[in-house]
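Participant: Input: one structure, supplied below.
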Amino acid sequence: MYIRPIQQQDLDDLYELAKLSGIGVTSLPDDKAKMQAKLESALSSFNETVAEQQRTYLFALVDPAKEKVAGICALEASIGHNDIWYNYHVGKTVHASHEIGVHKITQTLHLSNDLTSSSEIATLFLTPDYRNNQNGQLLSRSRYLFLAEFSELFSEQIIAEMRGYSDENGRSPFWDSLGKHFFHMEFSDADHLTGLGNKVFIAELMPKFPIYVPMLSDAAQQTIGKVHPQTEPALAMLKSEGFEYNNYVDIFDAGPSVAAKVKNIRAVRESQITAVVIDEQAPEPDLNNKQALLMVSNRQFKDYRVLLASQSALVDGTLMLSPQQATLLQLTESDSARVVSLRPNPSLTPTGA
Amino acid sequence: MYIRPIQQQDLDDLYELAKLSGIGVTSLPDDKAKMQAKLESALSSFNETVAEQQRTYLFALVDPAKEKVAGICALEASIGHNDIWYNYHVGKTVHASHEIGVHKITQTLHLSNDLTSSSEIATLFLTPDYRNNQNGQLLSRSRYLFLAEFSELFSEQIIAEMRGYSDENGRSPFWDSLGKHFFHMEFSDADHLTGLGNKVFIAELMPKFPIYVPMLSDAAQQTIGKVHPQTEPALAMLKSEGFEYNNYVDIFDAGPSVAAKVKNIRAVRESQITAVVIDEQAPEPDLNNKQALLMVSNRQFKDYRVLLASQSALVDGTLMLSPQQATLLQLTESDSARVVSLRPNPSLTPTGA
Amino acid sequence: MYLIRPAIFSDLTSIERLLSETEARVTTLPKDRDQLSERISESSDAFLNAADNEQPASYLFVMEDTKSGELHGTSGIDSEAGNGYPFFNYRLDKLVHASHALNISSKVPVLFLSHELTGKTLMRSFAIDPALHDSEYFDLLSRARLMFMATQAGKFHQEIIVEIQGIFNDKGDCPFWDAVGRKFIDLDFLTVDYYCSKKSKTFMSELIPQHPIYVPLLPPKAAENIGRSHQAANRICQLLYKEGFQQSKFIDPFDGGPVLKCEVKFTQTYRNMRFKKAYPSEVADGMKYLISNHRHDDFRCVVGTLVEGIGDSVRISHEVAEALNVEQGDSLAFSLL
Amino acid sequence: MYLIRPAIFSDLTSIERLLSETEARVTTLPKDRDQLSERISESSDAFLNAADNEQPASYLFVMEDTKSGELHGTSGIDSEAGNGYPFFNYRLDKLVHASHALNISSKVPVLFLSHELTGKTLMRSFAIDPALHDSEYFDLLSRARLMFMATQAGKFHQEIIVEIQGIFNDKGDCPFWDAVGRKFIDLDFLTVDYYCSKKSKTFMSELIPQHPIYVPLLPPKAAENIGRSHQAANRICQLLYKEGFQQSKFIDPFDGGPVLKCEVKFTQTYRNMRFKKAYPSEVADGMKYLISNHRHDDFRCVVGTLVEGIGDSVRISHEVAEALNVEQGDSLAFSLL
């Protein structure tokens, strides 16, 4: 399996993915024309025919045996330039008086566009058949090597928005307590509209003044900044790379946004550039030994490639690749590679992380 | 020179310091009764006779030759519980329309109490006579070893508020463009009132609605988040420890607040616990060799002590102290110490920091 | 005969007794003796200080039974609501939330904290002996203030406001307070009410939420009570609406009760008011009127009968003349009861 | 004779020519032909749709010289300001900033974005041939709308509002815009004005700052112009104030010009209005009146003379009768010019 930029020929595969993804992954439109538009936007990003801050980099996880797309992931160079980007900023308001012995800290939600111009860890979807062999980890974390290589194309800060809590029936207590009063529709409908790229209605209908959290239902209060149970693993992965909750939440379901400085992301900070040796004897990666895997990128932009190698292939700053690996990576011995361990070394994780 | 908690006997020395500090250091009241109150608050913090979040830990830099206080510094356990803690949160507001090709990002100042319950790197003052021999560095950074040792007494996040820009005549362009319209007084008067602990008038007179930055004078706009030239070194020191501007500024002069997670502060993260050996042969610290100095704390609470030792005194996790050093630190060979290099190793500073 | 006159210091204990007997909430009169005494002293200054229009003045009247000398009610006027500080209310406004794209439009009611009523004339501190609640002396006690304002043209803002108590019960349950202020000041309504009288309403108002409140986010019971008055206020509301008062967009920030407003010159009392000279007489039949003297420092008002003729004087009974402290030829004001 | 009547589709080119000649800013009439034609079509629907009060209606009148057939003016009414969407204004309010501790108190003027005028009756789209600016036909063109509203009781919100143009010059310098909106939409005032006519004012208003604006933070030139009208509006202001309109707390969010308001029933036109039967006659002397028929779908209004007698009909000239399309016995409304 390897990672490469999305290509025009992937359209049918993408459309398959979209149908599989169903609701919940609103960024994969279940509509061929829209999917083509999304694809073209990605192609022009890699072709550098659009301004840097307009770019969406879309990557495919490819099964080389079938040349079939098994999953996709994306990086947004800079958010909030085509649409307005909304979050609630979770602030504090204190009411206090010495005289009558009152001191109360309450949370307040401020409608904000503060995250505008951040970069974003966006869409990720992996076909169920391929949810094994570290494919999810590779697909998600491969982006950090791209960030490390081309940091000048991204903002200093990068964020990821996490799906918020909803119950088994898809009901969001936060929506029911807040958004519903203003949008007069169900959460799933609002979510669907946003997924279609229709965001103007948000500005039109959203309450503009701050919302006092104590005025929401108890259930709603408890979901502020809480992720959907299915999103816990993704959150854990981001946290392991150094992302932290930044006090911004989604305006619909109050799912948290997490943020990091690009330079501080574990996989960016720890990645290193190595010489390349091509050798039939290169060790095969053992996909069951999670801690013994390396991500290797070819450091190229238009022909960006990432795959997994064995930690033992890296000796004294030189990476040994098999001819097959080198071919997939489009690397020769005169090239260099960028590598980092697939997962953080648990013993090196900062004590309090 | 060594660091220890402030003591009742220091009152006269403190009063001397307050007179020397003049205006600009509003947290050192030039009034004996108020100074005594401040002292008592610190004593009860170290005696643990007040609740944890009410505590202010005040430390003295002492010249052992004269047993005289040469400087002081403080840690606030949790801010905003006695008074309301105000900042402006610097947010973004986007006005956009595809139809007429408008997309404008403007800054907005939101009056907030968001930093309430953070810990704070507070007061620091060093007598001019002692501004040499790394005394300033020791005084400031010794606090991190206290944080490392007693992190359970502090919040996860710690902040420091930096003095904002004002010109040679003490005029703050930010104040002149904003605060003055509501307070009808000069910056220095408002600053003085706050220093006296009178903060109620802020809630009474401060504008409560967000302020659009483009509506302020150009000079005021430029000072948002900018420190006073004299505060640049302090800011650099905090940044070298991992503090970063957090988009909160002072409501009067727009000086930035910087923040870090306690666990991520360089001197906290890198500090280590060592065994202690007492030996006449212990190397003397070379105070001119900035990179070769260690801060050593005795890990005690009420009798907290810190001083500088030589890097070469630390070998294989054991610290060699001279008898004099051991006495000042109140350490015996059965005790352990916590040590960290006084300054970050420049070659280990993260690339982008 | 019941006489309205300025409160004086020796009324202190009588007022205290009166307040303990009345059921109505009178947040604007403190039950604390020191503060009550200060209120009386401020009022005395206000009545004496006829020349100075610059300072806010706080007037307190009492209703005295001239036979027994006992007090049966109090009523007051602040020449400037807030007394120089912000006078807080919530202002009910509607925002239109409409989407072109979705073709929907709805009006969302929102409560905005407002100082707009600051500086207007405030009628307050109304408390009456329950035995007189359904009598004409209820009208006398309340409307005497309009007589005073009308005779002292120029000393008062032309717009008068009155805060009417909102919905709460004896146990201190107040749906509006419980849903709004209590989320920020965790005290029950009766305690807050007590602080409002003791500490000043402004002080308390500064503690309540400053950002606008979206009504749809309130529990229905709280939302329903916005602008609703307590049934104990029916009598005063009936009187005020008849005078020409109307419900405003403002409500009390604590209990959600309505603020009524009217311009002095549009009140029935003012419109029906006439000025003539007093002619004390044995015979003084006719319709019932509120009759007052024309003095600022020693204003007095009673209910009496008279016949308005075409001359510049009217006959009033000797008893009325004595109560009002007027002699033949002194100015009188009167308005139909 | 100048006749006010509903705009019809064949007026399109004449209205275009008229707009190009008038100096006044008429943001509510688009200069774009397609949009203008749509406005006329909406208006025609409004006039025909007498039965339906539920939908917002947008009426457009023209003033025609019945001799030449040429148009000399337009004026309009929106039955609901905002036409179902928010109608944006800034509302000028004052907040009291007072400190007990420091014993200071000041009132800070603040502009709040408000939808409060949404749904009220809006008079708009007034444009007149400059040659008629100082004539009585200026009154006719404007006040005919009040005649229409008065004859169609129940179809309009009782409160009428009019936006008066604020201070700006031909070069597009507009101190209020430059200090407020332009900080967020970097277009000069004339461009914005153009978009307001082309795109709809609501569309533009959604782009301007939503948070309240503290007036002390504005440059003095901008602050001074809050609620000030352009001198080109003197004539219309004079007329409206005479009618009984008053300045409200609201201003235009773009140029800061005042919004005037009045209840229909308090306008002079309405107060002086009488309804009688038409009696076309050779002799029709008397004072000058606005005279209109009583029809919704084909409303007409002119200036004519008549003598109001005691009977239920009045004599009007044949010319007036013909212009109004009334015959003997048909209903007439008239109000003193």
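The values are calculated or read from the model by the stated rules, or taken from the named source; none is laboratory data. What you see is a predicted model, and the numbers here were worked out from it, not measured in a lab. Here the Cβ is made from the backbone with ideal geometry for all residues, glycine too, and neighbour counts use every protein chain on show.
Participant: Out of everything in region D:146-169 that is part of a helix (DSSP H, G or I) and out of contact with any helix residue (DSSP H, G or I) (no Cβ under 9 Å at 6 or more places or on another chain), what residue ends up being farthest from D:Met1 (Cα to Cα)?
Facilitator: Looking at the filtered set, the residue picked out is D:Thr151.
Participant: Which condition breaks for B:Phe154 when tested against (1) over 30 Å from D:His100 (Cβ atoms); (2) in contact with a helix residue (DSSP H, G or I) (Cβ under 7 Å, 6 or more places away or on another chain); (3) surrounded by fewer than 21 Cβ atoms within 10 Å (Cβ to Cβ); (4) among the aromatic types (Phe, Trp, Tyr)?
Facilitator: (3)
Participant: Would you pick out the residues in region D:75-105 that are more than 7 Å from every other protein chain (Cβ to nearest Cβ) and touching a helix residue (DSSP H, G or I) at 6+ places or on another chain (Cβ under 6 Å)?
Facilitator: If the condition is that a residue be more than 7 Å from every other protein chain (Cβ to nearest Cβ) and touching a helix residue (DSSP H, G or I) at 6+ places or on another chain (Cβ under 6 Å), then D:Ser75, D:Ile77, D:Phe88 are the ones that fit.
Participant: Can you say whether A:Gly225 is of a type outside the set (S, T, N, Q), at pLDDT below 90 and touching a Pro at 6+ places or on another chain (Cβ under 9 Å), as far as the supplied structure shows?
Facilitator: Spelling it out, it is not the case that A:Gly225 is of a type outside the set (S, T, N, Q), at pLDDT below 90 and touching a Pro at 6+ places or on another chain (Cβ under 9 Å).
Participant: Taking D:Asp178 and the conditions (1) part of a helix (DSSP H, G or I); (2) free of Cβ contacts under 8 Å to residues at least 24 places away in the same chain, which numbered condition does it fall short on, given that it satisfies the others?
Facilitator: (2)
Participant: Please go through region D:181-191 and pick out each residue that is in a helix (DSSP H, G or I) and either surrounded by fewer than 23 Cβ atoms within 10 Å (Cβ to Cβ) or more than 25 Å from the chain's Cα centre (by Cα) (or both).
Facilitator: D:Arg182, D:Lys183, D:Leu190, D:Thr191
Participant: Is it the case, given these coordinates, that B:Gly317 is out of contact with any Cys (no Cβ under 9 Å at 6 or more places or on another chain), within 14 Å of chain A (Cβ to nearest Cβ), among the small types (Gly, Ala, Ser) and over 30 Å from B:Ala203 (Cβ atoms)?
Facilitator: Numbers: out of contact with any Cys (no Cβ under 9 Å at 6 or more places or on another chain): yes; within 14 Å of chain A (Cβ to nearest Cβ): no; among the small types (Gly, Ala, Ser): yes; over 30 Å from B:Ala203 (Cβ atoms): yes.
Judged against the criteria, B:Gly317 is not a match.
Participant: Continuing with this model, one more query. Being over 25 Å from the mean Cα position of the chain (by Cα), surrounded by fewer than 20 Cβ atoms within 10 Å (Cβ to Cβ) and within 24 Å of B:Glu232 (Cα to Cα), is that true of even one residue in region B:189-202?
Facilitator: no
Participant: Is it fair to say D:Leu36 is buried (at least 21 other Cβ atoms within 10 Å of the Cβ), assigned by TED's automatic domain parsing to the domain that holds D:Arg145 and part of a helix (DSSP H, G or I)?
Facilitator: Criteria met by D:Leu36.
Participant: Give C:Lys31, C:Lys94 a once-over and let me know the one that is touching a residue at least 40 places away in the same chain (Cβ under 8 Å) and either more than 30 Å from C:Val110 (Cβ to Cβ) or in contact with a strand residue (DSSP E or B) (Cβ under 9 Å, 6 or more places away or on another chain) (or both).
Facilitator: The match here is C:Lys31.
Participant: Test each condition in (1) farther than 18 Å from C:Tyr270 by Cα; (2) touching a Pro at 6+ places or on another chain (Cβ under 7 Å) for C:Val62 and report the one that comes out false.
Facilitator: That leaves (2) as the condition not met.
Participant: Here is a further query. Charged (D, E, K, R), more than 8 Å from every other protein chain (Cβ to nearest Cβ) and touching a Pro at 6+ places or on another chain (Cβ under 8 Å): which single residue out of A:Asp167, A:Asp189, A:Asp218 fits that description?
Facilitator: Just one listed residue meets the conditions, A:Asp167.
Participant: Which is in a helix (DSSP H, G or I), aliphatic (A, V, I, L, M) and closer than 24 Å to C:Phe112 by Cβ, of C:Ala222, C:Ala232?
Facilitator: Every option except C:Ala222 fails the conditions.
Participant: (1) surrounded by 21 or more Cβ atoms within 10 Å (Cβ to Cβ); (2) among the small types (Gly, Ala, Ser); (3) part of a loop (DSSP other than H, G, I, E, B): which one isn't true of D:Gly172, the others all being true?
Facilitator: So the condition that D:Gly172 fails would be (1).
Participant: Still on this model: Of the residues D:Asp78, D:Asp45, D:Asp11, only one is over 18 Å from the mean Cα position of the chain (by Cα) and surrounded by 15 or more Cβ atoms within 10 Å (Cβ to Cβ); which?
Facilitator: Within the list D:Asp78, D:Asp45, D:Asp11, the selection yields D:Asp11.
Participant: Checking the conditions here, which among A:Lys290, A:Lys302, A:Lys263 is in contact (Cβ under 8 Å) with a residue 24 or more places away in the chain and within 14 Å of chain B (Cβ to nearest Cβ)?
Facilitator: Just one listed residue meets the conditions, A:Lys263.
Participant: Next question, about the same structure. Among (1) more than 10 Å from every other protein chain (Cβ to nearest Cβ); (2) in a helix (DSSP H, G or I); (3) charged (D, E, K, R), where does B:Lys180 come up short?
Facilitator: Going through (1) more than 10 Å from every other protein chain (Cβ to nearest Cβ); (2) in a helix (DSSP H, G or I); (3) charged (D, E, K, R) one by one, B:Lys180 breaks only (1).
Participant: Determine if region D:223-231 includes at least one residue that is under 14 Å from the mean Cα position of the chain (by Cα) and surrounded by fewer than 21 Cβ atoms within 10 Å (Cβ to Cβ).
Facilitator: No, every residue in region D:223-231 fails to be under 14 Å from the mean Cα position of the chain (by Cα) and surrounded by fewer than 21 Cβ atoms within 10 Å (Cβ to Cβ).
Participant: Right, next: Quick one: in region B:199-215, which of the residues that are outside any helix (DSSP H, G or I) and aromatic (Phe, Trp, Tyr) is nearest to the other protein chains (Cβ to nearest Cβ)? Quick ask: steps written out before the conclusion?
Facilitator: Restricting attention to region B:199-215, the residues satisfying the condition of being outside any helix (DSSP H, G or I) are B:199, B:206-212.
When the remaining residues are screened for being aromatic (Phe, Trp, Tyr), the result is B:209, B:212.
Numbers: B:Phe209: 4, B:Tyr212: 6 Å.
Among residues in region B:199-215 that are outside any helix (DSSP H, G or I) and aromatic (Phe, Trp, Tyr), the one nearest to the other protein chains (Cβ to nearest Cβ) is B:Phe209.
Participant: Any idea which of C:Gln238, C:Gln246 is among the polar types (S, T, N, Q), under 17 Å from C:Asn89 (Cα atoms), out of contact with any Leu (no Cβ under 6 Å at 6 or more places or on another chain) and free of Cβ contacts under 8 Å to residues at least 60 places away in the same chain?
Facilitator: Just a single option satisfies the conditions, and that option is C:Gln246.
Table: residues versus (1) outside the structural domain of C:Gln247 (by TED's automatic domain parsing); (2) under 17 Å from the mean Cα position of the chain (by Cα).
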residue: C:Ala127; (1), (2): yes, yes
residue: C:Pro130; (1), (2): yes, no
residue: C:Ser135; (1), (2): yes, no
residue: C:Val162; (1), (2): no, yes
residue: C:Gly172; (1), (2): no, no
residue: C:Ala179; (1), (2): no, no
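Participant: Take C:Val192 and tell me if it is β-branched (Val, Ile, Thr), assigned by TED's automatic domain parsing to the domain that holds C:Pro253 and modelled with pLDDT under 90. Talk me through it step by step, then tell me what you get.
Facilitator: On the way: β-branched (Val, Ile, Thr): yes; assigned by TED's automatic domain parsing to the domain that holds C:Pro253: yes; modelled with pLDDT under 90: yes.
Yes; evaluated as a whole, the condition is true for this residue.
Participant: Name the single residue, out of those in region C:209-225 being among the aliphatic types (A, V, I, L, M) and more than 8 Å from chain A (Cβ to nearest Cβ), that is farthest from C:Tyr195 (Cα to Cα).
Facilitator: C:Val215
Participant: Just name the residue that is farthest from the other protein chains (Cβ to nearest Cβ) out of those in region C:106-141 that are of a type in the set (S, T, N, Q) and touching a strand residue (DSSP E or B) at 6+ places or on another chain (Cβ under 6 Å).
Facilitator: Filtering region C:106-141 for residues that are of a type in the set (S, T, N, Q) and touching a strand residue (DSSP E or B) at 6+ places or on another chain (Cβ under 6 Å), the one farthest from the other protein chains (Cβ to nearest Cβ) comes out as C:Ser125.
Participant: Of the residues C:Gly309, C:Gly257, which single one is within 18 Å of C:Tyr90 (Cβ to Cβ) and out of contact with any helix residue (DSSP H, G or I) (no Cβ under 7 Å at 6 or more places or on another chain)? Steps first, answer last, please.
Facilitator: Details: C:Gly309 fails: within 18 Å of C:Tyr90 (Cβ to Cβ).
That would be C:Gly257, the only listed residue that is within 18 Å of C:Tyr90 (Cβ to Cβ) and out of contact with any helix residue (DSSP H, G or I) (no Cβ under 7 Å at 6 or more places or on another chain).
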